[in-house]
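The values are calculated or read from the model by the stated rules, or taken from the named source; none is laboratory data. Note that the coordinates shown come from a computational prediction; the quantities given were computed from them, not determined experimentally. No Cβ is skipped: glycine too gets one built from the backbone with ideal geometry, and neighbour counts run over all protein chains shown.
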Amino acid sequence: MRYLPVAIALSLLVAVTGSAGSARVGEATDPRARSLLDTGRSLLAHGDVDAATDSFEAALAIDPGNPGAYLALGDAARSAGLQGKAIHYYRQALARDPNNLAALSGEGGAMAEKGALDKAKGNLARLEGLCGRACPETEQLAGVIAKGPIAKVVSADAVKPEPEVESN
């Protein structure tokens, strides 16, 4: 009976400490980073991938823990056709916010474009579990999986014909 107040205090401490670790990570807290992210998204929408990437990297330098900056960098890398790099950035965003729907969808889309359809379908199943089939991110990923991998461009030097010797 005399240990009851101590037990209650300890359980309250554990509950508060445990819930602080599951707090949701928000968007950029620094207004400069927020401005750079907005500028980068505008540049990316207009097709200027290099300038958008520079803006996103500057936002990341200002606010290093921001999952939105990693997500934006993943989108820019995917637009440039760098699916492996995009997957890396999406995983960085997921490390900071494991239930980020946009990062799950982007990572799955980059995997599908790269040819890893089974892994992309795993992301699709996870998205369906988190937000359902009618969720925009789920529908977007399902569309990318349906398209399949991106066809690889082969240069003329990669496909050299065998020399043929003919006699006259």
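General observations
Residues checked against (1) at pLDDT below 90; (2) touching a helix residue (DSSP H, G or I) at 6+ places or on another chain (Cβ under 8 Å); (3) farther than 23 Å from I145 by Cβ; (4) in a loop (DSSP other than H, G, I, E, B):
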position: V16; (1), (2), (3), (4): yes, no, yes, no
position: S19; (1), (2), (3), (4): yes, no, yes, no
position: E27; (1), (2), (3), (4): yes, yes, yes, yes
position: T39; (1), (2), (3), (4): no, yes, yes, no
position: R91; (1), (2), (3), (4): no, yes, no, no
position: A103; (1), (2), (3), (4): no, yes, no, no
position: E107; (1), (2), (3), (4): no, yes, no, no
position: A120; (1), (2), (3), (4): yes, yes, no, no
position: L127; (1), (2), (3), (4): yes, yes, no, no
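- Contact annotation: residue pairs with Cβ atoms under 7 Å, 6 or more positions apart or on different chains, pairing a residue in the stretch 34-47 that is within 15 Å of G74 (Cα to Cα) with a partner that is part of a loop (DSSP other than H, G, I, E, B), are L37/A28.
- Restricting G109, G115 to those that are farther than 23 Å from D30 by Cα, of a type outside the set (K, R) and surrounded by 17 or more Cβ atoms within 10 Å (Cβ to Cβ) reduces the list to G109.
- A151 being under 26 Å from L44 (Cα atoms), in a helix (DSSP H, G or I) and of a type in the set (A, V, I, L, M): no
- Residues satisfying the stated conditions in the stretch 109-118, i.e. without any contact (Cβ under 8 Å) to a residue 24 or more places away in the chain and not in a loop (DSSP other than H, G, I, E, B): D118
- Matching entry among A86, A142, A61 (being buried (at least 17 other Cβ atoms within 10 Å of the Cβ), more than 14 Å from the chain's Cα centre (by Cα) and assigned to a helix (DSSP H, G or I)): A142
- Residue match in the stretch 122-130 (condition: over 24 Å from A45 (Cα atoms) and of a type in the set (D, E)): yes
- Residues of the stretch 72-83 that are buried (at least 24 other Cβ atoms within 10 Å of the Cβ) and not in a helix (DSSP H, G or I): none at all.
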